[in-house]
1. So which of Ala10, Ala34 ends up being surrounded by 12 or more Cβ atoms within 10 Å (Cβ to Cβ) and free of Cβ contacts under 8 Å to residues at least 60 places away in the same chain?
2. Among the residues of the range 38-58, which ones are over 12 Å from the mean Cα position of the chain (by Cα) and in contact (Cβ under 8 Å) with a residue 24 or more places away in the chain?
3. Within the range 59-71, how many residues turn out to be under 13 Å from the mean Cα position of the chain (by Cα) and either aromatic (Phe, Trp, Tyr) or under 21 Å from Lys13 (Cβ atoms) (or both)?
4. Going through the range 1-55 one residue at a time, which ones are modelled with pLDDT under 90, within 15 Å of Val80 (Cβ to Cβ) and charged (D, E, K, R)?
5. Select, from Leu81, Leu40, the only residue that is over 19 Å from Met7 (Cβ atoms), among the hydrophobic types (A, V, I, L, M, F, W, C) and in contact with a strand residue (DSSP E or B) (Cβ under 9 Å, 6 or more places away or on another chain).
Amino acid sequence: MKDRQMMRLALGKGDARRVLVEAGTTVLVLEGSANVRGPLQWLAETPVAPEQRLGLEQVLTLEGGGWIDLMAAEAAELLVLPPQGLQVWRRVARGLERLMGNEGRKKPLVLG
């Protein structure tokens with residue numbers, strides 16, 4: 001999975017998408033809200049898929065790798081960033097701030 005790239009997903013209300021991720025992947029909600037289920041973990045010999053609801057601009061970094069389900073509670077737009085993708089995204093945001101002359105004027109969006 002070394003060649004993974006950032007994935008941008010638009011989901012309508014009630015839509016779901018299964019995505020294969022590696023440990024350290026970050027999910028960011030750009031619009032709406034969504035539930036993130038998985039990847040599977042073993043708890044006392046029972047497979048469990050932890051689930052977390054994310055709202056607007058909330059971030060979840062996944063400790064383990066595997067299949068996750070992204071389910072839109074309402075129309076949602078999400079970014080799925082591979083482990084090194086978050087650092088790249090931050091550098092892009094800083095570069096844009098410098099370019100637009102906003103450095104130091106507004107508090108930037110914190111991603112994680």
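The values are calculated or read from the model by the stated rules, or taken from the named source; none is laboratory data. Predicted, not measured: the structure shown is a model, and the values here were computed from it. Ideal geometry is used to build each Cβ from the backbone, glycine not excepted, and the neighbour counts take in all protein chains shown.
1. Only one candidate qualifies: Ala34.
2. Residues satisfying the conditions are Gly38, Pro39, Leu40.
3. Number of matching residues: 5.
4. Selection gives Asp3, Arg4.
5. Leu40
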